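Student: One structure coming up, written as structure tokens, with questions to follow.
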2 protein chains.
Amino acid sequence: MSHSEGSNHLAAIILARGGSKGIPRKNIKPLAGRPLIEWVLGAVNDSKVFDSVWVSTDDDEIENKCHDKAKVFRRSAEDAGDNVSSIKSIQTFLEHHPEITNIAMVQCTSPCLQPWHLQEPARMIMNGDYDSVFAVTRQHTFRWKEIVLENGESILEPLNIDCKNRPRRQDWKGELVENGAFYFTSRSNILEGMLQGGKIGCYEMAATHSIDIDYPEDWQIAEMRVREFGYNPHGPVSNGCQKKRKKPEST
Amino acid sequence: MSHSEGSNHLAAIILARGGSKGIPRKNIKPLAGRPLIEWVLGAVNDSKVFDSVWVSTDDDEIENKCHDKAKVFRRSAEDAGDNVSSIKSIQTFLEHHPEITNIAMVQCTSPCLQPWHLQEPARMIMNGDYDSVFAVTRQHTFRWKEIVLENGESILEPLNIDCKNRPRRQDWKGELVENGAFYFTSRSNILEGMLQGGKIGCYEMAATHSIDIDYPEDWQIAEMRVREFGYNPHGPVSNGCQKKRKKPEST
């Protein structure tokens, strides 16, 4: 992307520490034949909206797997600890990169990300229309509030449903929830400790692309979903973006 | 279950019309080798908490597949139309069955249901402690409200999150949502047009058992999940309930 304002710099950052919990070595564990992190890296690079693309890691193997697809920011083991928040890690990164005015945190755990998912949010933030733009999806779940009575019993009250008039799914537009795929935000928001602040907008993704890997049980499902909905820069869904292909196809 | 009050009758009902939308013949489509409806029928029967177990259908093939595992209530084609609500169908059924005082609607689309999931809710409702008890699961999603401005732009406001202090999943107990597996309720609630009314309680199910089939894309995921988390009355998870086995195992 060529920016209208020359001094703006939009960076993408993927936080990929070596010591992941839940699923060991998650970030580079093969998902449908490719290291997890490569799925989003392909989408990020082929979106062509970023002035720089970074992987932040404390791990040699992750660095080696990514260095031909992104710049690598080496963070300290302390900065990759279990209790260091993503925002804190990005703050540390930005201290070393004063040229970056806006940043998108893209998460490995949303491997069905496509290049085009990133293009509209990049435009929204680089035009100055929004200070933060993040990925959402629409869910249709009926929520309930639990109230614990004095005698220890618990009762429920509906939060988003009229029990005498339950809507059918197709008659209800649902609710917007973060799907975790990405968070575009201004440098100043991060410095203030927020992924979302100022004028906040969203980019809606389909449920099929919103798969998230939170628990070990999610891995198999993610594998099935990326085969159908993941972005493969070398495959038929490449949309013409064939850079970084390593070898020609056999036919 | 033998009830303490002789006049109470707890029925289970599974609504299984022939003309399902989205996935054709969904209710009897084989899921991991068994017709979808058999997964929940096994759990319902082996829970041993119901005085009667019913399948309500307008379809001969569904009747034939179920008649050895449940009583069949034949409803008219009109009563199985696209626009007839579940509550209306259960009302029609109850008109023919004055003996039923409490009813549990169990849904085929939650094939990871286990017998034990039904036992505690049955106790809660048959003891007279609650008028309705339904299945919930806990979700950890950040919800946002979309506000459309006068100029047509849309902005977001957080509904359940402090952006300066995003909780980590493990530090947040999440929110209760219906998972759709079952709804126990009193006859009078149904007659008033409600699945949930009066004193309302819930039974919490793990996310792994809360898989729901809403869209065609969910089928493959459900298939994977039932292999691991579904209830098989004939298999090693049978918990000693070997009734209705059709043939001996080959070894």
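Student: Taking springs between alpha-carbon atoms closer than 10 angstrom, which of A:Gly19, A:Gly152, A:Gly128 fluctuates most in the Gaussian network model of chain A?
Tutor: A:Gly152
Student: Please report the Cα spread of segment A:32-119 along all three principal axes, rounded to whole Å, starting with the longest.
Tutor: 32, 31, 23
Student: Please build a GNM for chain B, connecting alpha carbons under 10 Å apart, and tell me which residue among B:Cys66, B:Cys108, B:Cys163 fluctuates the most.
Tutor: Comparing B:Cys66, B:Cys108, B:Cys163 in the GNM, the peak value goes to B:Cys163.
Student: What spacing in nm lies between the two simple spin-label points modelled at B:Arg138 and A:Asp129, each 7 Å away from Cα in the Cβ direction?
Tutor: It works out to 3.9 nm between the two label points.
Student: Nearest 0.05, what FRET efficiency do A:Leu191 and A:Ser85 give at R0 = 22 Å with Cβ-Cβ as r?
Tutor: That gives a FRET efficiency of 0.95.
Student: Also, quick follow-up: If you average the C-alpha positions of segment B:77-96 and of segment A:159-174 separately, how far apart do those two centres end up, in angstrom?
Tutor: Value for the Cα centre distance between the two parts: 19 Å.
Student: Something else about it: Specify, for chain A, the residue whose C-beta is closest to the rotation axis mapping it onto chain B, with the distance given in whole Å.
Tutor: A:Ile221, 3
Student: How large is ³J(HN,Hα) for each residue in segment A:194-206, as worked out from phi by the Karplus curve 6.51 cos²θ - 1.76 cosθ + 1.60 (θ = phi - 60°), to whole Hz, x for Gly and Pro?
Tutor: 10, 7, 10, x, x, 8, 10, x, 9, 10, 8, 10, 5
Student: What list of whole percents do you get for P(r) of segment A:172-230, with Cα-Cα distances grouped in 5 Å bins up to the one holding the largest distance?
Tutor: Going out from 0 Å in 5 Å bins, segment A:172-230 shows 4, 14, 20, 18, 15, 15, 10, 4 percent.
Student: On alpha-carbon atoms, Rg over Rh for chain A using Kirkwood Rh?
Tutor: Radius of gyration relative to Kirkwood radius: 1.01.
Student: Please report, for A:Arg74, the nm distances (one decimal) from its label point, 7 Å out from Cα along the beta-carbon direction, to the equivalent points in the remaining copies, shortest first.
Tutor: Result, one decimal in nm: 7.8.
Student: Something else about it: Just counting partner chain Cβ atoms within 10 Å, what average do the residues of peptide A:45-57 show around their Cβ?
Tutor: Going residue by residue through A:45-57 and averaging, the value is 0.
Student: Between A:Asn127, A:Asn64, A:Asn27, find the one with the highest GNM mean-square fluctuation for chain A; connect C-alpha pairs within less than 10 Å.
Tutor: Of A:Asn127, A:Asn64, A:Asn27, the most mobile in the Gaussian network model is A:Asn64.
Student: Exposure proxy check: A:Lys26, A:Lys88, A:Lys21 ranked by fewest other beta carbons within 10 Å?
Tutor: Least to most surrounded, the residues fall as A:Lys21, A:Lys88, A:Lys26.
Student: How high is the relative contact order of chain B? Use alpha-carbon pairs under 8 Å, at least six apart in sequence, and give a whole percent.
Tutor: 23
Student: Please arrange A:Phe73, A:Phe93 by how many other C-beta atoms lie within 10 Å of their C-beta, fewest to most.
Tutor: Lowest count first: A:Phe73, A:Phe93.
Student: A further question follows. Just to verify a number: FRET efficiency for B:Lys71 and A:Glu157, C-beta to C-beta distance, R0 = 41 Å, to 0.05? Numbers along the way, then the final one.
Tutor: Working: r = 35 Å, r/R0 = 0.85.
About 0.70, to the nearest 0.05.
Student: So how many Å³ per residue does the convex hull of the Cα atoms of segment B:121-183 work out to?
Tutor: Enclosed volume per residue, from the Cα hull, is 146 Å³.
Student: If neighbour count is taken as other Cβ atoms inside 10 Å, put B:Thr109, B:Thr208 in order from fewest to most.
Tutor: B:Thr208, B:Thr109
Student: Something else: How high is the relative contact order of segment A:47-135, given as a whole-number percent (alpha carbon pairs under 8 Å, six or more residues apart)?
Tutor: 27
Student: Say the dipole of segment A:114-169 comes from +1 at the beta carbon of Lys and Arg and -1 at that of Asp and Glu; which of A:Pro167, A:Gln119, A:Phe134 then lies farthest toward its positive end?
Tutor: A:Pro167
Student: Would you please state the base-10 log of I(q)/I(0) at q = 0.05 1/Å for the protein assembly as shown, with intensities from the Debye formula using one equal scatterer on every alpha carbon?
Tutor: For the protein assembly as shown at q = 0.05 Å⁻¹, log10 I(q)/I(0) is -0.24.
Student: Hey, with R₀ at 35 Å, roughly what FRET efficiency would B:Thr92 and A:Gln220 work out to, going by the Cβ-Cβ distance, to 0.05?
Tutor: 0.30
Any read-out appearing in this document is the output of simple, stated calculations on the displayed coordinates, not a laboratory observation. Predicted model, so just to flag it, every value in this text is computed and none were measured. We place every Cβ from the backbone using ideal geometry, glycine too, and count neighbours over all the protein chains shown.
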